Structures are given as structure tokens and as C-alpha cells.
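Below is one structure, written out as C-alpha cells; comments come after it.
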Amino acid sequence: MDAVWIALSLSLKVAGWATVLNIVLGISVGYFLARTRFFGRDLLDTLLTLPMVMPPTVLGYYLLVLVGRRSAFGSWLYESFGINLIFTWQGAVIAATVVAFPLVFKPARAAFESVDAELEQAARVLGVSEISIFFRVTLPLAWRGILAGVLLAFARALGEFGATLMVAGSIPGKTQTLSIAVYEAVQAGKDDTANMLVLITSVVCVVVLLTASRLAPGRVAERRR
Amino acid sequence: MLLDLDISKTMRSGQREFHLQLNYVSHGNRLVILGPSGSGKSLLLQMIAGLLTPDSGYLKLAGRTLFDQQQGINLTAQQRQVAFLFQNYALFPHLNVRQNIAFGLRRGLFNPRPQMASETVDYWLENFGLESVQEQKPHELSGGQRQRTALARALVTQPRALLLDEPFSALDPDLRIHMRKELRELQERLAVPLILITHDVDDVKAFSDETLCLKDGHIDCARQQIIQSSLAPLP
């Protein structure tokens, strides 16, 4: 029974951190792509959207190659800071972040593009600095669109399986998240544990989706009226 | 001398190119820039406000150099301290009337609170008869209230000049006449330099100190002290 709660809390920890990272990364990249024009912007957008369509195992393999200790980046991390990401919960966070990233940055880009540029100009003429304009005009107007994506990303990170398994493995109590624990329980024939895990996962996902749909732009506007 | 400029700018959109070439010195405290859409008058106003950078030349407003390509001067929109009234007012939809007016008074990363206390804001709310709607959002206001809110927001920071982009085009005819009079009186009371762009000859009549006519990015005519009775229909 304890194993179930440990898996759940680990999943929430991993998904929570992945969501925090994605809020920062997704909003920054979404804003950057919405507000700048450069050669190769569409290609960059496509590359960043790839995690949405690629098999998670393929992503996991890429991550292994990238941050594994035999890679240049991975060995640098280990030599310089003693950081090893493979088979750690931090590795699981990175896997979940990458997989859920398009779910934040895509709606964020769309939300930023829908903000009337004239409002930012009005703020500029009023003498307000660029960083203040972002936090006082752009972000508040784009926030509802972004928030729905953030919740979906959280749900996606919570259910991450393939890439996490490749990068972090399945160490009970350390990297064995809820979705991986379900697989292990079924493989081991522990039906009771599997049932419990599946039930918990379903409840959490329903709650997240309900919240997301309540926060969707149309719904909020309706209630405000 | 309100405006002294000699600027050029080329805009490209796909295959189309638009050249703006203007050289003008104004004399009065009120200048109306008249021209059809596509004449470059909006671009000129944006360049004065610092929202668009000319390719070359210089631009002085009320004796202050805002842009000089040769000297490498280009003040940001924030540094220019001008007020800009947008055609559709560009009121912040997520803030109420009081917050909109107080917007430029507040520095830092946070917006003014909905009930923020400020004597300056109170003054303008009273001046424009907006006290009763101060807690409403822009979409709940009438056209006249929106314009007054936008004007108050622009004037609250004590700008060096007031730039107006087709300020009356979104109003119905009766209100248009009323707001013209109101703005004219306000401008005289505050003695703030005013530049107004329009395609409406009636605006010229109401603010008739000095008129600059634009056509296809060039000066078409420049008449000072246009006498209302002799005002010929403009091209």
C-alpha cells in the first residue's frame, strides 16, 4: 500500500517540477517566437513541437544520448558538478519536461500573438519599461490561454511513461512513477496494486482536466459577464 | 516651433514599397495633419511618438531633438514623454477606468490597484465626469467615456505634447462635435502642444491654426491660418 503513495508522491513531484520548468521555458519561448521574426522561425517551431508527435521512447533515447555520461554534455556535467541525470528523479523531470513542453509553448505563442500590439505601444508611450509592459499588459492578457496549456502539460507529465523509463529507469521509491508502477504491477501479476494505481491516476487526471476546462478562455469570459 | 523635421522612411510589404519623405517646420501650437488613408500620416505620428524609427534625417518636437540619425540620437518611446491617443483608444481591457488612468503614474512590475488613491487621478476623473464609472472596465463604457478615459490616461503623466490619431472617427456625429469642442478647450487651458492627424476636413476647421496635407508620403500643401470661410474642399 505504501508503495502506491510513494509512487503517487514521486509522480506529483516529477510532474510539478516539470510544470514549473515548462512555465518558465514555454512562456519564454512562446513569447520569443510570437514577437520576433527571423529566418528559420517556422523550422524552430516545428522542431520544438516534435515531442508532441514523436514516440516517447525515441525522445528518451535522444535524451540518453544527450545527457548520458558518455556524451560531451553529460560528461561535462559530471566532471564539473558531479551531476548525473541518468537513473535519477531529476532525469525523470527532464524527460517529462521535454515531452510536455509543446503543450505549454504552443498555446503560449498563440496567446501572445492574440494580444493587441497597440496596447503594448500605448504602455510604451506612457513611459512604462519593456519588462513592466510584459508583466502588466502582455502576460495578464495572455494568461488564460497559457494556463489551460500549463494544466494539460501537468497532466501529460503525470502520465509520462516511455521517455521517463528510458532516462530514469524504474527504481521503486526513487524513479518509479505512478505510470511505470502500473506497468510493473501488471507484469508482476499484482492486480490489487494495479487496480489501486489505475484508480488514483484516473481521479487525478479527471480533476486536472476539469480544472483546465474551467480555466479555458471562453469559460472565464462567460462567467465574468 | 512645435515640429521641425526632415525624415525619410521606406516601408516594404511583400512586393509593395512605400516611401515617406517629409521636410517641414511648423510654427503654431496646434498642427493638423490631413490626408487620405495610405498617405503616411499615421506613420509620421508613430515616428514622432517613437513607435517607428525613420531611416534617416532628424525630428525635433517642441525644441527637443527626438531623433537625429547623423548624431545617433533616437529617444525611446518611453523617453519622449508624449501622449498618444490611439484611434480605438487602446484602453487596457483587464484594468478598470481608474487603473487605466493611473497606469502611467505607476512604475515597477505591478499594475495600480483597483482603488488606488491618487489626487492626480481623482482630478482627471472629476474633470472628465468619469467618477461614476471609475470602477468599470473599458468594454462597459460609452464611446465618449472611452475617449475621455484615454485622454485622461494620456494627460496624467504631464506630457510635452499630445498626439492624436483620428480621435473622432469612432464617435457618432453629435458626440464628435461635442468632443472636438471639449478637446479644443482642454488644449487651450493646458497650453499643451497638439498634433492631430485626420482625413476629416471638419477637424481642420475645429483646430485650424495650421494644416499639413500629406499625399502618398509627400507634403501636398501646407497652409497656415486657414480661414474657415475660404476653406476649399481638399483633394
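The values are calculated or read from the model by the stated rules, or taken from the named source; none is laboratory data. Here the structure is a predicted model, which is why all the values come from computation and not from measurement. Heads up, the Cβs are rebuilt from the backbone with ideal geometry, glycines too, and the neighbour counts pull from every protein chain shown.
Here A:GLN187 meets each of (1) free of Cβ contacts under 8 Å to residues at least 60 places away in the same chain; (2) within 14 Å of chain B (Cβ to nearest Cβ) with one exception, condition (2). Scanning the range B:100-132 for residues that are farther than 12 Å from B:ARG148 by Cα, under 21 Å from the mean Cα position of the chain (by Cα) and within 10 Å of chain A (Cβ to nearest Cβ) gives B:PHE103, B:GLY104, B:LEU105. State all residues of the range A:53-77 that are of a type in the set (Ser, Thr, Tyr) and under 14 Å from A:ALA168 (Cα atoms); if no residue qualifies, say none. The answer is A:THR57, A:TYR61, A:TYR62. The set of residues in the range B:49-66 that are touching a Phe, Trp or Tyr at 6+ places or on another chain (Cβ under 9 Å) and within 22 Å of B:ALA154 (Cα to Cα) comprises B:ALA49, B:GLY50, B:LEU51, B:THR53, B:LEU59, B:LYS60, B:THR65, B:LEU66. Residues of the range B:53-82 that are crowded, with 19+ Cβ neighbours inside 10 Å and assigned to a helix (DSSP H, G or I): B:ALA77, B:ARG80.
Does A:ALA155 qualify as being in contact with a Leu (Cβ under 7 Å, 6 or more places away or on another chain) and farther than 16 Å from A:SER9 by Cβ? So A:ALA155 fits the description; yes. Taking the range A:76-113 as the range and being β-branched (Val, Ile, Thr), buried (at least 16 other Cβ atoms within 10 Å of the Cβ) and more than 29 Å from A:LEU43 (Cα to Cα) as the test, the residues that pass are A:ILE86, A:THR88.
When B:GLY108, B:GLY129 are screened for being small (Gly, Ala, Ser), touching a helix residue (DSSP H, G or I) at 6+ places or on another chain (Cβ under 7 Å) and surrounded by fewer than 16 Cβ atoms within 10 Å (Cβ to Cβ), only B:GLY108 passes. All of A:VAL65, A:VAL98 fail the test of being closer than 20 Å to A:ASN22 by Cβ and part of a helix (DSSP H, G or I), apart from A:VAL98.
Given the criteria modelled with pLDDT under 95 and at the interface with another protein chain (Cβ under 7 Å from one of its Cβ atoms), does A:SER114 qualify? It is false that A:SER114 is modelled with pLDDT under 95 and at the interface with another protein chain (Cβ under 7 Å from one of its Cβ atoms). Filtering B:PRO159, B:PRO93 for residues that are in contact with a helix residue (DSSP H, G or I) (Cβ under 7 Å, 6 or more places away or on another chain) and touching a residue at least 40 places away in the same chain (Cβ under 8 Å) leaves a single hit, B:PRO93. Out of all the residues in the range B:40-47, is one or more part of a strand (DSSP E or B), surrounded by 14 or more Cβ atoms within 10 Å (Cβ to Cβ) and not assigned by TED's automatic domain parsing to the domain that holds B:GLU135? No: zero hits. Restricting attention to the range A:114-129, does a residue exist that is assigned to a helix (DSSP H, G or I), surrounded by fewer than 24 Cβ atoms within 10 Å (Cβ to Cβ) and touching a residue at least 24 places away in the same chain (Cβ under 8 Å)? No: the range A:114-129 contains no residue that is assigned to a helix (DSSP H, G or I), surrounded by fewer than 24 Cβ atoms within 10 Å (Cβ to Cβ) and touching a residue at least 24 places away in the same chain (Cβ under 8 Å). Being farther than 25 Å from A:LEU158 by Cα and not basic (Lys, Arg) is true of A:GLY74. For the criterion of being assigned to a helix (DSSP H, G or I), of a type outside the set (S, T, N, Q) and exposed (fewer than 14 other Cβ atoms within 10 Å of the Cβ), A:VAL29 fails.
Does A:VAL58 count as under 30 Å from A:TYR183 (Cα atoms) and either in a helix (DSSP H, G or I) or among the aliphatic types (A, V, I, L, M) (or both)? Here the answer is yes, as A:VAL58 does meet what is asked.
For the range A:141-149, the criterion of a residue being within 7 Å of chain B (Cβ to nearest Cβ) and surrounded by fewer than 20 Cβ atoms within 10 Å (Cβ to Cβ) is satisfied by at least one position.
Of the residues making up the range B:69-82, at least one is within 11 Å of chain A (Cβ to nearest Cβ) and hydroxyl-bearing (Ser, Thr, Tyr). Those helices (runs of 4 or more DSSP H) of the range B:101-208 in which 1 or more residues are farther than 21 Å from B:GLY28 by Cβ and at pLDDT 90 or above occupy B:119-127, B:143-155.
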